[in-house]
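Some notes on the structure that comes next.
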Amino acid sequence: MSDSKFSEYDFSQIPFGDIKSFGQRSLLYRNLFNVSWLLGRFCNYKCSYCWPYARSDVKDHRPTDLLIRTMDEIKKQARANDFNSFHFSFSGGEPTLHPGFLTLLSHLSNDSMNSDYQSTHMTSNLSPGIGWFKKYIETTENLSRVSITASWHREFANKEDFRDKIHLMQENDIHVTVNMVMVPTLFEEFYKEALFFHENNINVTLKPQSNTSATKIVDGYTEEQLKLLHNGMPQRNYTEHRMGQKNIQSKRIQTKKLDHGISLTTNTETAPQSMQIELTDRSGKKWYLDQAERFNAFEFNKFKDWYCHAGFQGIVIREPDGAIKRSYSCHDEPLGNIETGFQIFNRPMKCNTPSCVSSVDNKMPKFRD
Ligand code: SF4
């Protein structure tokens, strides 16, 4: 495995102004419905840079049976629109602190035989002990793919413990990426920590810091730093690599059906592996990006009047109000509420929002006339 810190596929060549459609490949080529679910804002950390609205010291978890009923209703409505593959992505606050989180995951897992494909993701500070992670591994073993975005909080966590938990996940067929917001004034310091994880064969996402309205990246990056944000630390399949080294075979169930019969393995003649995002320009030429997290670094985030699958192929559930929305940035009226009910769209709808800034929103398939 190459240890290049830069992508060999130069993302800055992508003609962003000329792109007419794009999306995450798993959403373009599978009958996959995406749910981004914020389980509550309660968090055990209090990081200096955390936005006040993103966390709370007060436990604000909704009852587990309501979560289970909501999961069932989402699947019922999505199946009515011919989606029978599901990706549930959980965040918070800290999702692992919801007392019913593993019960909810087990409910998801138990439905794998009725679905074409199921996967889960969580964004976690990895604060639970190793015993909790062993239960997490067991609970999710019937899912086709399990991934974690591990938020690295230098003020609270220990680098070596953090690394060891990630290696345990990798050995159990779980894909992990460490997320780091690269504040311009602390760039060098943060970059040293990013290199520690990178050199331990762990994916790191270097995220640019956004302004307070989350519409633009902040000023203050040098040219060299911007180059790192554009092309630095490309995502690699370190889980497969680690399992290979330890001679461990994947036992995950394979996808039963692909919506358009197209393999999700990237065409290696045109793009390297691990490219999650496919873009098509006006001439029909395909371009690839490893992950939607890079869109903001290229300021490719304005899709007003494009057609977007948010609300049709994916929803977000947000707390503390329990709103169910198309996606995070969308200015549309919510689709409903977790307590009182919701209705998913039955087709892609036009975007009426000036900036689309979250990576969850960016990866939803979009196209323009
Ligand atoms: S803001 Fe919402 S509707 Fe607009 S492109 Fe982004 S996800 Fe789609």
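FYI, it's all coordinate maths here, none of it is from the lab. The shown structure was predicted, so the numbers you read here are calculated from the model rather than taken from an experiment. Glycine also receives a Cβ, built like all others from the backbone with ideal geometry; neighbour counts cover every protein chain displayed.
Quick notes on this structure:
- Beta bridges per DSSP with both ends in region 127-244, % antiparallel, nearest 5: 10
- With the simple spin-label model, which puts each label point 7 Å out from Cα in the Cβ direction, the residue 192 to residue 224 separation comes to 1.5 nm.
- Across region 96-186, the relative contact order, built from alpha-carbon pairs under 8 Å that are at least six residues apart, equals 29 percent.
- Unsatisfied cross-links (Cα-Cα over 24 Å) in the set 75/366; 302/350; 59/363; 20/350; 159/325; 59/192: 59/363; 159/325; 59/192
- The value given for region 267-356 is a Kirkwood hydrodynamic radius of 15.0 Å, derived from the mean inverse Cα-Cα separation.
- The modelled label-to-label distance between residue 253 and residue 56, using points 7 Å beyond Cα along the C-beta direction, is 3.6 nm.
- The rule of thumb for compact globular proteins, 2.2 N^0.38 Å, goes into the C-alpha radius of gyration of the chain 0.94 times.
- From the alpha carbon centroid of region 111-180 to that of region 299-369 is 26 Å.
- If the segment from residue 185 to residue 367 were pulled out straight at 0.36 nm per residue, it would be longer than the present Cα-Cα gap by 61.8 nm.
- Net charge of neighbours whose Cβ lies under 14 Å from the Cβ of residue 368, counting Lys and Arg as +1 and Asp and Glu as -1: +2
- Packing-based order for 163-169, 334-340, 281-287, using average beta carbon neighbours within 10 Å, highest first: 163-169, 334-340, 281-287
- Gain upon complete extension [residue 331, residue 64; 0.36 nm per residue less C-alpha separation]: 93.2 nm
- Signed unit charges on C-beta, dipole axis of the chain, positive-most listed residue 56, 136, 117: 117
- Point-charge dipole on Cβ atoms (K/R +1, D/E -1) for the chain, about Cα centre, debye to 20: 700
- Normalised by the number of residues in the chain, the average gap of Cα pairs under 8 Å and 6 or more apart makes the relative contact order 22 percent.
- Placing dummy labels 7 Å off each Cα toward the beta-carbon, the span from residue 352 to residue 137 is 4.9 nm.
- When you count the other C-beta atoms within 10 angstrom of each residue and take the mean per peptide, 108-118, 293-303 line up highest first as 293-303, 108-118.
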